[in-house]
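Chemist: The following block contains the structure, expressed as structure tokens.
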Amino acid sequence: QIQVFESGGGSVQAGGSLRLSCTAPGFTSNGCGMDWYRQYTGKEREWVASITPAGITTHLDSVKGRFTMSEDKAVDTVYLQMTSLKPEDTALYSCWGHDFGSGACSYWGRGTQVTVAS
């Protein structure tokens, strides 16, 4: 596994915004799709958003229209722009990779905490 470096989390009031960043070395050259997940305390991680090697994004229905995933391939970084945050968005957000058979996209990170107060 290759470590990623997530940042951008913090504590905000409901309705606020945050932008998360994840630097995943080599994901562009390896042809990786990238994903954002979140994990609530005591729960298994939940998928939030994905971007394909072609730059096509998908988002969890409950965040669609509020969260936007994007990438900067020049610096091997993906982002999650979060607006209109709700208390139920409070979680540890982490960045993961997936591939299409190469096995070259096994990334891990400690995540970045997002806390939204009511």
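Readers should treat all values here as calculations from the given coordinates under stated rules, not as data from a laboratory. Remember, predicted model here, so these are calculated numbers, not experimental data. Virtual Cβ from ideal backbone geometry, glycine too; neighbours counted across all protein chains shown.
Chemist: Show me 49-58, 20-29 ranked by packing, highest mean number of other Cβ atoms within 10 Å first. Please report the intermediate quantities before stating the final value.
Modeler: On the way: 49-58: 14.5, 20-29: 19.6.
Ranked by mean Cβ neighbours within 10 Å, highest first: 20-29, 49-58.
Chemist: Compute and list, largest first, the equivalent-ellipsoid semi-axes of the chain from the alpha carbon gyration tensor, each √(5λ) rounded to a whole angstrom. Walk me through the intermediate numbers first.
Modeler: Details: eigenvalues 114, 39, 31 Å².
Those come to 24, 14, 12 Å.
Chemist: Please enumerate, by chain and number, the lysines with C-alpha under 24 Å from the C-alpha of K43, excluding those fewer than 8 residues away in the same chain.
Modeler: Once the sequence-local lysines are set aside, what remains near K43 is K64, K86.
Chemist: At q = 0.17, 0.30 Å⁻¹, what log₁₀ I(q)/I(0) does a Debye calculation on the Cα points of the range 51-99 give, no solvent, two decimals?
Modeler: Log-scaled intensity ratios, in q order: -0.58, -1.37.
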